1. Mind checking which pairs have a first residue in region 470-499 that is among the β-branched types (Val, Ile, Thr) and a second that is surrounded by fewer than 21 Cβ atoms within 10 Å (Cβ to Cβ) and modelled with pLDDT under 80, Cβ under 8 Å, 6 or more apart or different chains?
2. Looking only at region 353-368, how many residues end up being in a helix (DSSP H, G or I) and either touching a strand residue (DSSP E or B) at 6+ places or on another chain (Cβ under 8 Å) or surrounded by 15 or more Cβ atoms within 10 Å (Cβ to Cβ) (or both)?
3. Can you tell which of 214, 244 is open to solvent by less than 40 Å² (accessible area, probe 1.4 Å), under 30 Å from residue 194 (Cβ atoms), in contact with a Phe, Trp or Tyr (Cβ under 9 Å, 6 or more places away or on another chain) and hydroxyl-bearing (Ser, Thr, Tyr)?
4. How many residues are open to solvent by less than 70 Å² (accessible area, probe 1.4 Å) and under 19 Å from the mean Cα position of the chain (by Cα) when one looks only at region 714-729?
5. Of the residues in region 797-822, how many are in a loop (DSSP other than H, G, I, E, B) and open to solvent by 40 Å² or more (accessible area, probe 1.4 Å)?
6. Considering only region 603-682, give the strands (runs of 3 or more DSSP E) lying wholly within it that have at least 3 residues that are under 22 Å from residue 708 (Cα atoms) and either open to solvent by 70 Å² or more (accessible area, probe 1.4 Å) or at pLDDT below 80 (or both).
7. Can you give me the number of residues within region 591-602 that are open to solvent by less than 80 Å² (accessible area, probe 1.4 Å) and either part of a helix (DSSP H, G or I) or among the aromatic types (Phe, Trp, Tyr) (or both)?
8. Of the numbered conditions (1) in contact (Cβ under 8 Å) with a residue 24 or more places away in the chain; (2) part of a loop (DSSP other than H, G, I, E, B), residue 177 fails exactly one; give the number of that condition.
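The values are calculated or read from the model by the stated rules, or taken from the named source; none is laboratory data. Predicted model, so just to flag it, every value in this text is computed and none were measured. Methodologically, a virtual Cβ is constructed for each residue, glycine included, from the backbone with ideal geometry; neighbour enumeration extends over all protein chains shown. What goes into the accessible areas is simple: the full protein's heavy atoms, side chains included, and nothing from ligands, DNA or RNA. Shrake-Rupley method; radii C 1.70, N 1.55, O 1.52, S 1.80 Å.
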Amino acid sequence: MDKELRILMVEDVPTDAELEIRELRRAGLRVAHRRVETEEAFREALREFRPELILSDFSMPHFDGMRALALARELVPHVPFIFVSGTIGEENAIRALKNGAADYVLKNNLLRLPVAVERALQDAGEHARRGEMQASQARLVAILEATTDLVGMADAEGRVVYLNAGGRRMLGIGPEEDLSGTTIAQYVPLGQQDRLVTEAIPTAIRDGLWAGESLLRIGDGREIPVSQVIVAHKDEVGKLRHTSTIARDISVPKAQEARIKRLNRVYAVLSGINTAIVRIKDRRELFDEACHIAVEHGGFRMAWIGLLDPNGVDITPLARAGFDEGYLDQIRLTARDDDADHCSLVARALRGNAPIVCNDIATDARMARWREEALARGYRSLVAFPLHVVDSRPVGVFAIYAPEPGVFDTEEIRLLTEVAGDISFALDHIEKEARLDYLAYYDALTGLPNRTLFYDRADQLLRAAKKHGGARKVAIVLLDLERFHTVNETFGRGAGDAVLKQVAERLAAGRLGPDHLARIGADGFAALLGDIEKEEEAAHFVEQRVIRLLHDPIVVDGQELRISAKAGIALFPADGVDMDTLFRNAEAALKKAKLSGDRYLFYTPELNARTAERLTLENKLRGALERRELALHYQPVVDLSKGGINGLEALMRWHDPDLGPVPPSRFIPVMEETGLILEAGRWALEQAAADSRRWRADGLHAPRIAVNVSQLQLRQKDFVVTVERALSGATDAAGVLALEITESLIMQDIEANIEKLKAVRDMGVEVAIDDFGTGYSSLSYIAKLPINTLKIDRAFVMNLTRNPGDVSIVTTMISLAHSLGLKVVAEGVETAEQANLLRLLKCDAMQGYLFSPAVPAERIEQFLRENKSLPA
C-alpha cells in the first residue's frame, strides 16, 4: 500500500502488538499504530488517532474485547474490527462476527493476519461505496419527489412502474393509491394516444428521446397541456426495456398566450374600425364593416349593431356578421325589462348606459331563456355595449359573442369599450353631417369634398394615428394644375370647368376615392394618404395616380388638352402633428416644386433625395428583370474531409449599365419590399436548375445548387408549385437543388412552413437552415423540421481561431446537428487555420474566400472540369 494505514491496537501485551505489526510490515503494508489497554484510552484514540483499522485481543484484564467491539460499532461503524487472540473459542468467534467483527486471527497463526486485514479493508471500502451509492440514489429520489413536474417510468408494455409525488398531484392521484396494473394510456386523451404510439415513442426509440407539447387527462376529466420529454431506455442489444418521461404543466403560460392573442385581436378590431370610421361615411355601411371586422379580425363568433326605434323602446338590428342562423330573429330586442321573450342583457346595457358582460352563457341565469339556442350556435360568452351620442343618450347597442367562456376580462372590456366609443363618435358625426347642407362641405363643380370637409376628415385620420403614438404615417399631398389659367383664357371658363371635372374623375377613379380627395382652390386639389409605412408610398401615389392618370390628353369640345400637375407632400408626424402645420408645410413643398423642374417635392429635403434614389433603383430593377440583366454567381461548398466541391450556393448579382455592379445588400431589400423578389426568385430557381442540367449534359459531375428563399416567397400558396416547375426539365431531380432558409424565417408560421418544406423534400430538394445561430429557433422545432443541413453563420467562424467562446459555440452546433442526423457547413472561411480547426471539430463542409468567392457559371464549369479541391 502506498498510503500509510492507521491501526489502533487494543492489546495488554506490548510484545504481541509488536509481532502483529512486524507481520503486517513483512507483508508490505505501511502502518502507523497506537496501542491502548483501557476503555478510556480506546475512546480517546478513536477521537484523536482516527484509526482505519482496529486489531483487538479478545480477553484482557482491564478491558474486554467485546466491549471494544461494541464501542467501535457505535462510534466508528465504518472502521473494520479484527480480533487477534490466543484463544477465542468457536462460540465466542461466532458471537464476535454476529456483533460486527470483520474477522478473527489466532496469535499462533499471524501469517493469516495480512490477508485478513486486506480483505477487511476491501469489504469496508465496498460497503462505503454501496453506502455512497445508496445515499446518492436517496438524494436523486428526494429531488424527483420534490419537483413539481411529473416524473414517471413505464415498462416496455406501457405499465406504470414509478410516478413521483409531483406527477401524482398533477394527475390527481392520491399518495397511497396503488398504480400497479395502470398504463400510460389511462392518462392520455384519446386524441393524443395515436400520436403517442405512432410518433412520440417511435421517435424516442429511434433517436433516444422525443420532446414536444402534448395533453394529459387528470383525475377530474380535464385535459391539461404539458411540455414533455420521453426517453427510451434500451438493453445492450437495443431492445426497449422501459421509457421515462418528464412533463411540466404549461396551462398558465398557454392561458397567458391565449389572452395575449385575444388582446391582439381586439387591438386589430380597434385599428380596423378606426380606419373604417375615417373611410366610411354611410351609417349602415359603417355598422356592417364594424361587425365584419369584429368577427374576421377579432375571432368572435358573432357581432351585431342595432339602433333604438323612434318609439325609444324597440331595437332594430341594422348590421350583423358571423354565425347567426336566425338567432336574432327569435329574440325580442327591447329596452324594456318586462318582456318574457326579450334579451335582458341588452335591456340592462341600454338602461344602465354601461357594458353588460356574460362570461359563461352555460351557467348565467340571465341567459336561461336563450341558453340552448346560444350554445347550439357556439356562443359561450357575450358582452353588450351601449352606443350613445355626445349628450350620452343611448341610441343603440353593439353586441359581441365569443366562442369561449371567460373571454371578456378587464383589459378586453376596456379596449372594446373604446371600440364602442369610436362607433358612437362616428354615429354622432354621421348624424351631424346629415344635417349640414351638402354645398357647405362639397365642391359643386367636381363633387369632391372642399377644404372644410377635407380638414375635418384629415383631423379624424390624425386622431386615429395619434392613438397609436405616431407609429402610423399620414401624408398630405397638394396638387396644382400647371398653366391652367391659359385654358380659361384660350377656351373659356366652360372649358376650364370641364377640365377640372375630368381631372377630378380621373383622380377619384384611382386607389383613393372622393373621401380622400378634395378640391381646395381654383386649380388645386388635395389628397390624404392614411396608414402608410414609408414615404415612398406618397411618391408612388403622385407618380401612378396623378402623373400617369394625367398622361392621356383631356378632350373638351373636340379639343385635346394636355394637363400636367405639380405636387407638394408633407408627412405626419415628421412634418407636423396637426392639420394646420401639415397643410402649411405641404404648401411650402408645392411652392418649391413649382419653381423647380421636379414633378413633386417633400417638405423635408432629405426625403426628396432618398425617395428619388429609391424609386430610381426600383424602376431600374423592373427593367433589369424584363431585360434579363440579373445573373447568378456560384460559391463552391467544399467537403472538409476530401477537399472537393460537393455543393454550390447560387447568389444573385446585378450589373446595371449606368450604376455598374450593385451590391445585393442594396437591391435585394428593394425587391422584397416591392414584391419583385417573387419574379426574381422564380428566375433564380429556374436558372440554377438550367445551369445544373447544362453541366450534366456536358458530362460534368454537377453538385447540388442551393438557392436562397425569401420570406415573401415561402409565404406564397404556390411556393411548392414554383419549385416543382423549376425542376420540370430535370431527368433526375433528386440532386439538383437545395433551398436555403434563415432560421428566423422558418419559425414564422412554423406548421405551414413545415408542410411546404416536406413537399419539396419529397421532390428530392434538400433544405438548409442558413445563418444558424443568429435567430431564435426552438430546439424542439429544429428536431421536427424537414431539413438536411445547418449552415453556421460567418460571425461564429470569423474569430474561431482566436476566441475559445466561438469554438465552444461551433462545437455545440456541430454536435447538435450530427445528433439530429444533419450535415454542417461553415460559412465565411477565409484562412487555412479556420479550415483545419473546423476539420478537427468534425464539420462536414465549408464555403468562403479560402477556396473561392462567388464566381460566374463559366468559372464554376472550369472548376468542375479541373476537379479543383482544397489544399490539404
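1. Listed by first residue and then by second, the contacts come to 474/531; 474/532.
2. Result for region 353-368: 2.
3. 244
4. Residues that pass the stated criteria total 1.
5. Looking only at that region, the number is 6.
6. Values: elements: 630-639, 645-656, 660-662.
In region 603-682, 645-656 are the strands (runs of 3 or more DSSP E) which contain 3 or more residues that are under 22 Å from residue 708 (Cα atoms) and either open to solvent by 70 Å² or more (accessible area, probe 1.4 Å) or at pLDDT below 80 (or both).
7. Summing the residues that are open to solvent by less than 80 Å² (accessible area, probe 1.4 Å) and either part of a helix (DSSP H, G or I) or among the aromatic types (Phe, Trp, Tyr) (or both) in region 591-602 gives 3.
8. (1)
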